[in-house]
1. How about A:Lys2: which lysines have a C-alpha closer than 27 Å to its C-alpha, ignoring those fewer than 8 places off in the same chain?
2. Averaged across A:52-59, how many Cβ atoms of other chains sit within 10 Å of each residue's Cβ atom?
3. Provide the net charge surrounding A:Cys27, with neighbours chosen by a C-beta distance below 14 Å and charges set as Lys +1, Arg +1, Asp -1, Glu -1.
4. Within a Cβ distance under 14 Å of A:Pro9, other residues only, what is the Lys/Arg minus Asp/Glu net charge?
5. Checking an interface number: how much accessible area is buried between A and B, summed over both chains, with a 1.4 Å probe, in Å² rounded to 100?
6. Using a Gaussian network model of chain A whose springs link C-alpha atoms within less than 10 Å, name the residue from A:Thr124, A:Thr106, A:Thr93 with the highest mean-square fluctuation.
7. Which percent of Cα pairs goes in each bin when the distances of the stretch A:2-224 are cut into 5 angstrom slices starting at zero?
8. Taking all protein chains as present, what is the carbon and sulfur share of the accessible area of the protein assembly as shown, in % to the nearest whole number, probe 1.4 Å?
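The values are calculated or read from the model by the stated rules, or taken from the named source; none is laboratory data. Please read all numbers here as calculations on a predicted model, not as lab measurements. No Cβ is skipped: glycine too gets one built from the backbone with ideal geometry, and neighbour counts run over all protein chains shown. Note: accessible area is taken over every heavy atom of the protein model, side chains too, but ligands, DNA and RNA are not part of it. Shrake-Rupley method; radii C 1.70, N 1.55, O 1.52, S 1.80 Å.
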Amino acid sequence: MKFGIVVFPGSNCDADCHHVVTHVLGCEAVALWHKETSLQGCDCVILPGGYSHADYLRCGAMAAFSPIMTAVKGHAAAGGLVFGICNGFQILTEAGLLPGVLMRNTSIRHICRDVTLRVNSNQTRFTRLFRAGEVLTMPIAHNEGNYFVERRQLVKLEEQGQILLRYCAPDGELTEDANPNGSLVAIAGIVNEQGNVCGMMPHPERCSEAIFGNRDGKKMFESML
Amino acid sequence: MLAKIYVTLKKGVHDPQGEAVHHALLSLGFRQVSDVRIGKYIELKLGEMERNEAEKKVTEMCQKLLANTVIEGYRFELE
């Protein structure tokens, strides 16, 4: 399986993703500069974390119109896998590939720490190796991770099992205290209706190796293989 | 032609930044303030064009890029 990792000006998790794909998963990976127009035959496109275009105007707003995004949209429409992490998630919502928007954290603070997450749906290409209800630990590092979507759309997300991950307490309970950023119903990650485009705020690429003391993220990548 | 664009959060969308500023104003003694909402102000210089055409183009710009219409509304003035 070949992965393409899009590099926008200001991306800063692209090298981490490249490392995990090649050295941990043993797959092929190519970096795709945002001005390129071809995905070079990649099966899965990763939009990595960072601060594309310095988060000017709104996070991901300008990156959503980068030339490569036309190819990413075509890939998604054809059923190809697209995986957005953190800023990548923000870009996917701005590009209209995922519903909703990521607003400023309710604390108005940048949050950089481990959080616990509950696997809400394991019936997807991104979470199929997890048990439903499994509690994972992953790091978050963002200022705009407060997911919001209109009510009608939220009902649809819930009914169709599109909510993949929710912030929870270490015992798996959904409590207000366990929601770090004010996200609607504690949403940390979602998938599109077709199930091939995923966006999440936590960073699985930062917890995919034993050296980091946590390999919960690795299963996320392995689910896609 | 000059377009003055105001992008603001829609009613009902939580504005933690506005709340923090509200709180700060109250603690400075400005007790008259009952609510604060923070938005963006954008100025665009446009070439010579018909007013109707400018209105159409600026609306398109707001819809496509300048505002995220899931949470934001916009209005503008042309001078």
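1. Within the straight-line limit of under 27 Å, A:Lys2 reaches these lysines: A:Lys35, A:Lys73, A:Lys218, A:Lys219.
2. 2
3. Result for the local shell: -2.
4. Numbers: positive: A:Lys35; negative: A:Asp14, A:Glu36, A:Asp55.
It works out to a net charge of -2.
5. Using a 1.4 Å probe, the pair buries roughly 1300 Å².
6. A:Thr106
7. Whole-percent P(r) values from 0 Å outward: 1, 8, 16, 22, 22, 18, 10, 3, 0, 0.
8. Within the protein assembly as shown, the accessible surface is 50 percent carbon and sulfur.
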